[in-house]
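K.L.:
Right, I'll just put the structure down here and ask away after.
None of the figures in this text is laboratory data; all of them are computed from the coordinates on show. Note that the structure is a prediction, hence the values are computed from the model and not measured. Backbone-built Cβ (ideal geometry, glycine too); neighbour counts: all protein chains shown.
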Amino acid sequence: MVAESSASEQVPVRVFGGPTALFEYGGLRVLTDPTFDAPGDYPLGGGRALTKTAASAGSVDDLGRIDVVLLSHDEHPDNLDVSGRALLGDVPLTLTTPSGAKRLGGAARGLADWESVEVERPGGGVVTVTGVPALHGPGERAELEAVVGQVVGFVLTGDGLPTVYVSGDNAQLGPVREVAERFGPVDLAVLFAGAARTPVLDRQLLTLDSDRAAEAARILDARRIVPVHFDSWAHFTEGREELEAAFTAAGLLERVQWG
């Protein structure tokens, strides 16, 4: 096992359930895919809905200051719910897909694959956030986006700071390999897992299953791993037990933080 770098220890992470995590990076407070609504059914359109099964481990009021939201996509309620949308109005910058930024307006900015933006750090200097590929299901990008929409992942870098990867709702290892080639090894990988499945793509994987999450961590040579997006929703078909088994088999369990 590669020991955690001292840099990775500078990124405290709190997981709220589903895809929502808060971490501090370079003096910035960064929130992923905000979802704080109560359990219940949330419509997708066309008579379909997603069911939230458990409350978040905290509320919007627990967050404190948020400087940046990293939003993998805005079109599904398990990634951005009513409370999350309201929160965006108080956040100085939301980074998301190009199409999502147009829908959200306000302080939302879209990042295409490999496009970067610099965010000023409170103490001086900048954090660079780069949009990276994510594929929300099997198959080719154009076909997928016509059904499930655009999705983006993120890599955060900065002088003297660790490298952080946030996968977003990605189901394939190809994008992970591309990220590893450009940015690996990473100090912290926030991996959206849970083996999400719905009828929309004949119950094929919409996010990483547990074995793929472990393989993604290996490809990235991630020194620290925070799995998210594996609980609190009925369409997540694998949870902590399956993730622990997969990371144990890969010899990576000691690198995993459960939030």
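K.L.:
If contacts are Cα pairs under 8 angstrom and at least 6 residues apart, what is the relative contact order of the chain in percent? The partial results should precede the final answer.
P.N.:
Details: 628 pairs, mean separation 45.6, N = 259.
Normalised by residue count, the contact order of the chain is 18 percent.
K.L.:
For the chain, what is the charge dipole size about the Cα centre, in debye to the nearest 20, if Lys and Arg each add +1 at the Cβ and Asp and Glu each add -1 at the Cβ?
P.N.:
Values: 21 positive and 37 negative charges, 46 e Å.
Dipole size: approximately 220 debye.
K.L.:
Right, something else. Which value in deg cm²/dmol, rounded to the nearest 500, describes the helix-derived mean residue ellipticity at 222 nm for the chain, given -39,500 (n - 2.57) per DSSP H run of n ≥ 4 and division by the residue count? It would help to have the intermediate numbers written out before the result.
P.N.:
Numbers: 6 runs with 54 residues, N = 259.
Value at 222 nm, helices only: -6000 deg cm²/dmol.
K.L.:
Could I get the Rg over Rh figure for segment 163-218? Both from C-alpha atoms, Rh via Kirkwood, rounded to two places. All intermediate terms of the calculation are to be shown ahead of the outcome.
P.N.:
Working: Rg = 11.6 Å, Rh = 11.5 Å.
Taking Rg over the Kirkwood Rh, I get 1.00.
K.L.:
Dipole size in debye (nearest 20) for segment 80-188 around its Cα centre, Lys and Arg Cβ +1, Asp and Glu Cβ -1? Could the numbers behind the result be given before it?
P.N.:
Values: 8 positive and 14 negative charges, 45 e Å.
The calculation lands at about 220 debye.
K.L.:
Can you give the direction-averaged projected area of the convex hull of the alpha-carbon atoms in the chain, in nm²? Please report the intermediate quantities before stating the final value.
P.N.:
Working: hull surface 49.6 nm².
Mean projected area of the Cα convex hull: 12.4 nm².
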